[in-house]
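Read the structure below first, then the notes.
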Amino acid sequence: MSEQTSTSAEQAGATRQAAAPLAGVRVLDISTLFAGPLAATFLGDFGADVIKVEHPTRPDAARGHGPAKNGINLWWKTLGRNKRTVTINLGTPDGAALLLQLVADADVLIENFRPGTLERWGLGPEQLHAANPALTIARVTAFGQFGPYSGRPGFGSLAEAMSGFAALTGEPDGPPTLPPFGLADGIAALATSYAVMVGLRSAEHTGVGQVVDMAIIEPILMLLGGQITAYDQLGLVQPRTGNRSVNNAPRNVYRTGSGDWVAVSTSSQSIAERVMTLVGREDLLSEPWFASGHTRAQHADELDDAVSSWIAERATDDVVAQFEQAQAAIAKVSDVRGVLDDPQYRAIGTVATVDDDELGPVKMQNVLFRLSDTPGSIRWSGRRHGADTDEVLRDIGVTPDQLAQLRERGVV
């Protein structure tokens with residue numbers, strides 16, 4: 001890259017950063033593990049100043065999840081990106097006082113302690129709003145702030161079980177199946193970031209901050225479709241169907257002659273007709289049951305046999321090419337290696353490479369979506385535990401001598 005090109009790129013980057021849509025919004029992330037911290041990450045990706053507050057000797061447990069390289073946790077590099085990291089023991093009077101000082105200049109606080117914990121520390125919504133009436137407080141818990149389960153410990157896996165997700169997932173003759181990643185936490189994180197934006201919009205108009213009560217068991221339930229209404233009106237309980245759908249067919253994964261797996265979906269009638277014509281079974285199009293996805297799903301065995309036998313006779317590239325030519329929906333089943341090699345992901349920039357001060361260049365998921373004029377950005381990857389404590393506390397008037405005393409007492 002020439003010097004001129006580099007300078008232009010730097011100027012463009014500076015312009016984008018100055019125009020970040022959430023620039024000027026300060027978020028205090030005092031949550032742990034995944035749903036709360038990931039919501040804060042989403043906000044930080046679009047310019048919010050996120051201050052991650054952790055216990056001085058018990059950092060966010062997410063720093064210990066998943067693989068590590070040379071003792072450096074890798075998931076944290078994504079989860080902790082765009083956050084300044086501070087250590088404060090909130091369970092001490094001095095620590096609570098420091099948080100209230102930070103709250104005075106913040107817009108959002110995200111927490112996920114068990115209900116009653118913040119109140120016990122003198123940091124409940126009443127005290128937080130006394131320090132800053134416009135503060136949006138997002139409280140993320142497994143079961144919500146009230147009700148018979150509210151005091152229980154809980155994680156996303158329980159939400160996946162309670163919501164009906166696990167009951168729907170797996171083969172018909174197999175057990176309910178939990179996902180091998182934090183699905184409910186991730187969905188709750190998206191919902192929390194949305195709730196925070198709604199709260200900020202309200203506070204902008206009224207000057208009054210609200211409390212968001214986010215129960216992880218709820219957002220995943222919303223995404224499971226119309227099962228509650230179907231049961232209420234018809235008494236229907238959706239069964240486990242493996243990779244099949246009760247709403248359309250053919251819809252499954254099929255093995256190619258190359259030994260790869262491909263996914264086929266026919267959610268629209270026109271796609272279903274194209275698929276069956278492609279595999280040489282256009283005779284089925286005249287069947288009365290072929291006219292809707294729901295009735296096609298009742299004949300999934302016949303449709304799957306037709307599609308699977310056609311795909312099994314052909315190499316993967318040939319299968320994909322013919323489906324594309326027929327304008328039918330298909331995708332290879334990929335692991336992470338396939339994701340990194342996929343030309344579509346490369347074209348839209350789904351994977352970013354970030355310079356990390358511990359690991360050098362690190363690949364990770366990019367920001368969630370692209371804005372045409374004020375795009376998000378990854379300004380830095382997850383930082384060391386407490387890396388920004390001195391800087392952040394200095395900004396609220398803590399002197400070096402006071403900081404040394406606080407450290408000696410284990411407050412920071």
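The values are calculated or read from the model by the stated rules, or taken from the named source; none is laboratory data. Just so it is clear, the structure is predicted and the values come from calculations on it, not from any experiment. Glycine gets a Cβ as well: all are built from the backbone with ideal geometry, and neighbour counts include every protein chain shown. We work out accessible area using only protein heavy atoms, side chains counted, and drop any ligands, DNA or RNA first. Shrake-Rupley method; radii C 1.70, N 1.55, O 1.52, S 1.80 Å.
The table below gives the values:
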read-out	value
Sole exception among (1) in the same structural domain as L368 (by the TED database); (2) open to solvent by 80 Å² or more (accessible area, probe 1.4 Å) for G156, by number	(2)
Residue among S381, S372 that is among the polar types (S, T, N, Q), part of a loop (DSSP other than H, G, I, E, B) and more than 22 Å from A189 (Cα to Cα)	S372
Matching entry among G382, G349 (being within 23 Å of the chain's Cα centre (by Cα) and on the phi > 0 side of the Ramachandran plot)	G349
Residues that are more than 18 Å from A20 (Cβ to Cβ), open to solvent by 40 Å² or more (accessible area, probe 1.4 Å) and touching a residue at least 12 places away in the same chain (Cβ under 8 Å), drawn from the range 360-369	K363, Q365
Tally of residues being open to solvent by 40 Å² or more (accessible area, probe 1.4 Å) and not basic (K, R) across the range 378-395	6
Whichever residue in the range 159-170 is of a type outside the set (F, W, Y) and either modelled with pLDDT under 95 or assigned to a helix (DSSP H, G or I) (or both) and, among such residues, is surrounded by the fewest Cβ atoms within 10 Å (Cβ to Cβ)	A161
Failed item, numbered, when V320 is tested on (1) open to solvent by less than 50 Å² (accessible area, probe 1.4 Å); (2) under 26 Å from S193 (Cα atoms); (3) outside the structural domain of T92 (by the TED database)	(2)
Given (1) over 30 Å from A130 (Cβ atoms); (2) assigned to a helix (DSSP H, G or I), index of the condition T177 fails	(2)
Residue pairs meeting the criteria (Cβ under 8 Å; at least 6 apart or on separate chains; first farther than 23 Å from P239 by Cα and at pLDDT 95 or above, in the range 298-314; second assigned to a helix (DSSP H, G or I) and open to solvent by 10 Å² or more (accessible area, probe 1.4 Å))	W310/L278; R314/Q322
Residues (assigned to a helix (DSSP H, G or I) and either open to solvent by 80 Å² or more (accessible area, probe 1.4 Å) or among the acidic types (D, E) (or both)) located in the range 203-212	E204, H205, T206
Residue list for the range 97-134, filter: in a helix (DSSP H, G or I) and crowded, with 19+ Cβ neighbours inside 10 Å	L98, L99, L102, V103, L118, L128
Residue within the range 310-323 that is under 26 Å from G226 (Cα atoms) and either more than 33 Å from the chain's Cα centre (by Cα) or polar (S, T, N, Q) (or both) present	no
Residues of the range 281-305 that turn out to be open to solvent by 50 Å² or more (accessible area, probe 1.4 Å) and more than 17 Å from R244 (Cα to Cα), as a count	8
Yes/no for A306 being of a type in the set (G, A, S) and either in contact with a Ser or Thr (Cβ under 9 Å, 6 or more places away or on another chain) or not assigned by the TED database to the domain that holds G257 (or both)	no
Which listed residue is closer than 30 Å to S193 by Cα, among the charged types (D, E, K, R) and at pLDDT 95 or above, from E358, E273, E282, E287	E358
Residue in the range 133-144 that is out of contact with any Ser or Thr (no Cβ under 7 Å at 6 or more places or on another chain) and free of Cβ contacts under 8 Å to residues at least 24 places away in the same chain present	no
Positions within the range 48-87 being in a loop (DSSP other than H, G, I, E, B) and surrounded by 23 or more Cβ atoms within 10 Å (Cβ to Cβ), in sequence order	A48, D60, G80, R81, N82
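Quick grid of which residues meet (1) modelled with pLDDT of 95 or more; (2) farther than 24 Å from V108 by Cα; (3) assigned to a loop (DSSP other than H, G, I, E, B); (4) not aliphatic (A, V, I, L, M):
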residue: A184; (1), (2), (3), (4): yes, no, no, no
residue: I187; (1), (2), (3), (4): yes, no, no, no
residue: S193; (1), (2), (3), (4): yes, no, no, yes
residue: R201; (1), (2), (3), (4): yes, no, no, yes
residue: I217; (1), (2), (3), (4): yes, no, yes, no
residue: D232; (1), (2), (3), (4): yes, yes, no, yes
residue: Y254; (1), (2), (3), (4): yes, yes, no, yes
residue: A263; (1), (2), (3), (4): yes, yes, no, no
residue: T266; (1), (2), (3), (4): yes, yes, yes, yes
